[in-house]
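See below for the structure under consideration.
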């Protein structure tokens, strides 16, 4: 039986080690660094970097080769949370059981810490390969994948849609397309980057894309379900907020039971995409199941 | 006599053409694109991209090779202005004679438009070279230079220092070091990137760095002077704001006349650094003079 908890812990040790290296001899404003680290080390699930490392492993690569891409993905995810939590956006005071960045520091610092994490992600990616030739081409491609997924054609577009659609009744199709941008794009990029660094073939990349799309959506459906029936203490944030903000969610459109069934079906699709992979894809399989069974 | 106005206009045509290409067939939220373009096309001086192209030219390169770096630099500069203008930061309602982004749209859109411009800059840089080998290595280096200059070791650190030092009496040394981060770092990166793309030698790069540091600081000293005695109508923004916010500036520390002399001395240093360059550096020479003589 594959021990996902242990796997995640081991990966987190590697990720934290890489972050320590990134922040070593770091010349910047103390408060700014503190705010960046505060959000980066707030005990998130680290889903994106673990997926990136897991994808490299699944296609037979050394996950350590993808560690800087993993860190960059987590920095970008963290910046997006910091900015999403701002008063002008979702106005959230609590995240992962701790005050959000603009509460722990102040709004200006939170805006700048987010900007700084986003920029640092690209600095780290640009420095990940100092060797020439093909490696440089590969890292340029990784920067392109991540920037496109995180930018206004991907994640930021999704956040924008999320904001403007507050209070609107969305169809399931509209909801899905919003989430495929807001969370799906960066999750897909995480798997693609891991696969690319590990020299996956075109067919493997296609299968990992299918896996990514299904778990990405399942992740969001589960988030919606947890917002209805999750335990706020376990989740470290308030529940019931979607209903308060009159947000279109899977439970609000499909109902709770149908949403759970939908999430299960997505996970089956994801596992099916991995059928041709050997046991090195065990972490990705376990992560898919974890995504719908998690309590936070 | 070199016609700087004509030169800037020509470069701006090229830059706008490149931006049109960047935004062609652009899939994103309409309002988000509108907000990004609103600030990008608000009639700024385009100093950074013109310096980048001018540096490529000065060392004998083809400025068109640097056009995507030039656009990326302008997008990063524009994002920094959008975020700096936010209520939680400098709370400015007017920029270049037009309502700032969060006034013309709203705060959430302005935050996201800034994030999107920053991310798009790196997407554009990563796609600037689709050829392999040395070119990829060069563009990775350019991404590294720009990310480092724009991030928490450079521009963002400078903005953070600017915020925390509001109401504090700074020494000339502290003021200089803040500005070398807040505006100097990205100006230096602009020249370095142009030089790097045009294959400048180490000595030329060193001289352009000296030029950059001097004009960067002169730019800021002149900004401070204009904030005291500039014409708000010509400048398209309010003056006297530094004094209102009790900001340490060159005029407040050195006095107005000494500040003007200091700016002139910086420009002499900048021109001296270019002495070994031939007439292809004429645009950079004219830009140095323009920086202190400008009225907006």
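Since every read-out is calculated from the coordinates, none of them should be taken as a lab result. A quick note: this is a predicted structure, and the numbers were derived from the prediction, not measured. Cβ sites come from the backbone with ideal geometry, for glycine too, and all protein chains shown count toward neighbours.
Modelled label-to-label distance, residue B:45 and residue B:279, 7 Å Cα→beta-carbon offset: nm?
Here the modelled spin labels are 2.7 nm apart.
Name the residues of the stretch A:76-120 whose amide N is less than 18 Å from a point 7 angstrom out from the Cα of residue B:106 along the C-beta direction?
It comes to A:83-92, nothing else.
Distance between the C-alpha centers of the stretch A:35-72 and the stretch B:96-131? Whole Å please.
Using only Cα atoms, the two centres lie 27 Å from each other.
Quick one: B:196, B:226, fewest Cβ neighbours within 10 Å first, how do they rank?
B:226, B:196
Relative contact order for the stretch A:129-205: what percent, with Cα pairs under 8 Å and sequence separation of 6 or more?
For the stretch A:129-205, the relative contact order is 35 percent.
Among B:237, A:141, rank each residue by its count of other Cβ atoms within 10 Å, from fewest to most, as a rough exposure measure.
A:141, B:237
How high is the relative contact order of chain B, given as a whole-number percent (alpha carbon pairs under 8 Å, six or more residues apart)? Intermediate values should be presented prior to the final figure.
On the way: 419 pairs, mean separation 67.1, N = 296.
Once normalised by length, the contact order is 23 percent.
R0 = 35 Å: FRET efficiency of residue A:268 with residue A:205, Cβ-based, nearest 0.05?
0.95
Taking only DSSP H segments of four or more residues, each worth -39500 (n - 2.57), what value at 222 nm results for chain A once the sum is divided by all its residues, to the nearest 500 deg cm²/dmol?
For chain A, the value works out to -21500 deg cm²/dmol.
Based on the Cβ-Cβ distance of residue B:261 and residue B:34, what FRET efficiency does E = 1/(1 + (r/R0)^6) give at R0 = 51 Å, to the nearest 0.05?
About 0.70, to the nearest 0.05.
For peptide B:251-259, compute the average count of partner chain beta-carbon atoms within 10 Å of each residue's beta-carbon. Working shown, then result.
Numbers: counts 0, 0, 0, 0, 0, 0, 0, 0, 0.
That average works out to 0.
Can you list the distances in nanometres, one decimal and ascending, from the residue A:10 label point to the identical position in each other copy, with the point 7 Å along Cα to Cβ?
Inter-copy label distances (nm, one decimal, shortest first): 6.2.
Nearest 0.05, what FRET efficiency do residue B:234 and residue A:177 give at R0 = 51 Å with Cβ-Cβ as r?
On the way: r = 47 Å, r/R0 = 0.92.
Plugging the Cβ-Cβ distance into 1/(1 + (r/R0)^6) gives 0.65.
Label residue A:64 and residue A:20 with points 7 Å out from Cα along Cα→Cβ: what is the distance between them in nm?
Here the modelled spin labels are 1.5 nm apart.
Just rank B:36, B:89, fewest to most, by other beta-carbon atoms within 10 angstrom. Don't jump to the answer; show the numbers that get you there.
Numbers: B:36 28, B:89 17.
So the ranking, lowest neighbour count to highest, is B:89, B:36.
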